[in-house]
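Comments concern the structure below.
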Amino acid sequence: MENDIVLKTEDLTKHYGGVQALEGANFELKKGEHVAIMGDNGAGKSTFVRQITGVEQRTRGTVWLYGENVAFGGPLDAREAGIETVFQTLALADDLDVPDNLFLGREKTRLDWLGPFRLLDYKAMRRATIEGLEKTAVKIPNIRNTIRNMSGGQRQCVAIARTATFHSRLTIMDEPTAALGVQETAQVENIIRTLKEQGEPLILISHNMRQVFDLVDRIVVFRRGRICANLDIKNGDITGEDVVAYITGAKTQPEYQEAA
Amino acid sequence: MADTSHGTGGLSFDKSKRAWPNEANIFIALICIIGMFEILGQLLPYMNNQSFLFDTKDRFDSVFNEARLKIIILQVAIIGIIALGVTQVIISGGIDLSSGPLVGAAAMIVMSFAQTELVNGNPNPKAVFGDWAFDLPVLIPVVVGLLFGAFIGAINGSLIAFTGIPPFIATLGMFLVCRGIAQWWTRGQPVSFPTESFAWLGSGMMPVIWFLLLAVLFHFILRFTVYGKHTYAIGSNEDAARMSGINVKRHKVLVYMIASMLAAFAAIILSSKNLTAQSGMGQFYELFAIAMAVIGGVSLTGGRGSIIGTVLGAMVFGVIQSGFTYVKLDAFYQLMAMGAIIIGAVVLDQWRQKQAAARA
């Protein structure tokens, strides 16, 4: 039964000095489930993600990944444990090309005994890049171009293809379509649907109500650093207005009264 | 599937679509500068129709004026070795101002371990240590020099990576420290008379051979190894590199260590070539090395540049220096003109970046 739960947090809390950015977050994500995190700016959404992915160290609380109590020292630990994250500020190196960025920090190499001077296996990385991009139906005219010369949508697709190429145990996307046009947004949403079909669990941070209702099974609403609602939207009795009410503070679910 | 706005090209890595390499521009600039000096040689009344680089006089047994070519590449080879390291530091988003004084300090230390006992049958008048330090195998001064370089580089890199001091300040401090070490080592006395095997390291065209060997080695390392890829990644977007799991701090220490070891190696070659070491050696070398890299298209904002570019930049640097002498420009004007050229190279780089950003 425990194995059914991908991610579980208990009393997850982060204070920046006197500021309570995140307070007592209890969160659960089941296998194959896609959950959206919504909330106003400064509600604690990104802070929540940063505690899970080891980018920051939490003040208090516990995190379980697949039943295992985890405390990541840094983003690399989280990634090695199988958490793939698309950050709000795209973690791409502008002067490198697509395969370089896809494999940044986990290059395919040969002659590993050479330590830091081990050789890059460019051929294998290019092949895997093309496979990965085809899997996610991302189109990029020339993968040898540097990221600098690409449109916002192409850059975003590279960042997302990175998470999709490596078979991950949990994918987290922080506002993946915030800066994109209509067609580019559609492409990103297609990738998310592909992940759903493949049964890969996802946490999606988004402000886009239409997108959230289209894509996910459940919405968790954050307000002033606390979770104030946990809404199952599959059966259709929750509307966008309800969600807005929770975001703005007009409503709070009874079990989260202390967040009011 | 939804239609996309990313063109119809699909996936490819067509080599013909790759951008015009920056190195080609520098090569063209090099040819233009040579051409300019050729024309000046014909036009200036006091030049007597000499040629800058071609063999027009006496023997006609070769196409080029080999003597001048040799001088040019010999002149740039030793600073060029430093520039190979500086290139890596700048690509990683840093700067190294300590390499010139490091050359002075390393040369003093290295030469102390490379002295020979008898000079023309008399005891070595410049002996630094006792008898044990005479006529040591050539490997010992070389290893001592490289270790000293690695030590200084490790301090530079650690200060920058772990305390967050800006590279400019950390290496500026090390600039003074190294100059101090060079003077303190023998209380300002020069160190001379190396063993024959040590003198061989920098004799004749050896500096050029070392420069080219190291250039090939580091071109390969930057282009084809994880070290190289991470150096570009850190200079391009340090946060992205960190979030991708690269150990940025450890990598920076390694980059500064390699740069300082290359500077120390330049000191070995320079002191071997001169058969002596003086505390003032290497003056302005840090700036000339940075200039070679910048002229060669290494971007001071990090992330872009190449060893090939720096080698071409070094050639441009040497040709300009030699050309100024050739048209009998005074040394004072040479320094001023050099400064203007460095500023011009940076302005050009920034302008190119803006153009690229506007196109994207």
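The values are calculated or read from the model by the stated rules, or taken from the named source; none is laboratory data. A quick note: this is a predicted structure, and the numbers were derived from the prediction, not measured. Ideal geometry is used to build each Cβ from the backbone, glycine not excepted, and the neighbour counts take in all protein chains shown. Protein only, heavy atoms only, side chains kept; ligands, DNA and RNA dropped before computing areas. Shrake-Rupley method; radii C 1.70, N 1.55, O 1.52, S 1.80 Å.
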Practice prompt. State, as an integer percentage, the relative contact order of chain B based on alpha-carbon contacts under 8 Å between residues 6 or more apart.
Written response: 29 percent
Discussion item. Just to confirm a number: summing +1 for Lys and Arg and -1 for Asp and Glu over residues other than A:Glu23 whose beta-carbon lies under 12 angstrom from that of A:Glu23, what do you get?
Written reply: +4
Worksheet item: Given a 1.4 Å probe and every protein chain left where it sits, what share in percent of the accessible area of the protein assembly as shown is carbon and sulfur?
Response: 59 percent
Worksheet entry | Protection proxy ranking of A:107-114, B:118-125 - average other beta-carbon atoms within 10 Å, highest first | A:107-114, B:118-125
Response to the item:
Charge tally for neighbours of A:Arg110 with beta carbon under 13 Å away, counting Lys, Arg as +1 and Asp, Glu as -1, is 0
Worksheet item: Can you give me the Cα centroid spacing of the stretch B:223-246 and the stretch A:32-49 in angstrom?
Response: 29 Å
Worksheet item: For the charge dipole of chain B, defined by +1 on Lys and Arg C-beta atoms and -1 on Asp and Glu C-beta atoms about the Cα centroid, which residue among B:His219, B:Thr116, B:Val143 has the Cα displaced farthest towards the positive pole?
Response: B:His219
Worksheet, complete the sentence: Rounded to the nearest whole number, the per residue volume of the convex hull around the C-alpha atoms of the stretch B:246-360 in Å³ is 143 Å³
Discussion item. Quick check on the protein assembly as shown: what are the equivalent-ellipsoid semi-axes from the Cα gyration tensor, as sqrt(5λ), descending, whole Å?
Written reply: 58, 29, 20
Item to complete: Please give, to one decimal in nm, the separation of the simple spin-label points placed at A:Ala250 and A:Lys108, each 7 Å out from Cα toward the Cβ.
Response: 5.3 nm
Fill in: Per-residue mean of C-beta atoms belonging to partner chains within 10 Å, peptide A:143-150
5
Worksheet item: For the stretch A:71-143, what is the per residue volume of the convex hull drawn over the alpha-carbon atoms, in cubic angstrom?
Response: 133 Å³
Worksheet item: Which chymotrypsin sites (Phe, Trp or Tyr not before Pro) from the stretch B:152-234 combine a DSSP loop assignment with at most 15 other Cβ atoms within 10 Å?
Response: none
Practice prompt. Return the percentage of antiparallel bridges among DSSP beta bridges fully within the stretch A:2-259, rounded to the nearest 5 %.
Written response: 60 percent
Worksheet, complete the sentence: Here Rg/Rh (Cα, Kirkwood) for chain B equals 1.03
Worksheet entry | Separation of alpha-carbon centers, the stretch B:104-144 and the stretch A:203-219, rounded to whole Å | 74 Å
Worksheet item: Over its Cα atoms, what ratio of radius of gyration to 2.2 N^0.38 Å does the stretch B:47-172 give?
Response: 1.54
Fill in: Residue mean of other protein chain beta carbons inside 10 Å, A:104-110
5
Discussion item. How large is the Kirkwood hydrodynamic radius of the stretch A:135-260, counting all unique pairs of alpha carbons, in Å?
Written reply: 16.2 Å
Worksheet item: Which peptide among A:241-254, A:27-40 comes first, and what is the full order, when sorted by highest mean count of other Cβ atoms within 10 Å?
Response: A:27-40, A:241-254
Worksheet item: How large is the charge dipole for chain B, taken about the Cα centre, if only the Cβ atoms of Lys, Arg (+1) and Asp, Glu (-1) carry charge, to the nearest 20 debye?
Response: 720 debye
Fill in: Descending Cα extents along the principal axes, the stretch A:199-260, whole Å
34, 22, 19
Worksheet item: Averaged across the residues of A:184-193, what count of C-beta atoms belonging to other chains lies within 10 Å of each residue's C-beta?
Response: 2
Fill in: Ranked packing of B:88-95, B:26-33, A:227-234, most packed first, by mean Cβ within 10 Å
B:88-95, A:227-234, B:26-33
Fill in: Pairs of Cα atoms farther than 22 Å apart, the stretch A:2-259, %
57 percent
Practice prompt. Report the local net charge at B:Pro207: Lys and Arg +1, Asp and Glu -1, summed over other residues whose C-beta lies under 12 Å from its C-beta.
Written response: +2
Worksheet, complete the sentence: Those chymotrypsin sites (Phe, Trp or Tyr not before Pro) from the stretch B:67-137 that are DSSP loop and have at most 11 other Cβ neighbours within 10 Å turn out to be B:Phe129
Discussion item. Just want to confirm a number: the relative contact order over the stretch A:2-259, from Cα pairs under 8 angstrom separated by 6+ residues, in percent.
Written reply: 25 percent
Worksheet item: Which sequence of B:Tyr326, B:Tyr333 reflects their accessible areas, 1.4 Å probe, from the largest down?
Response: B:Tyr333, B:Tyr326
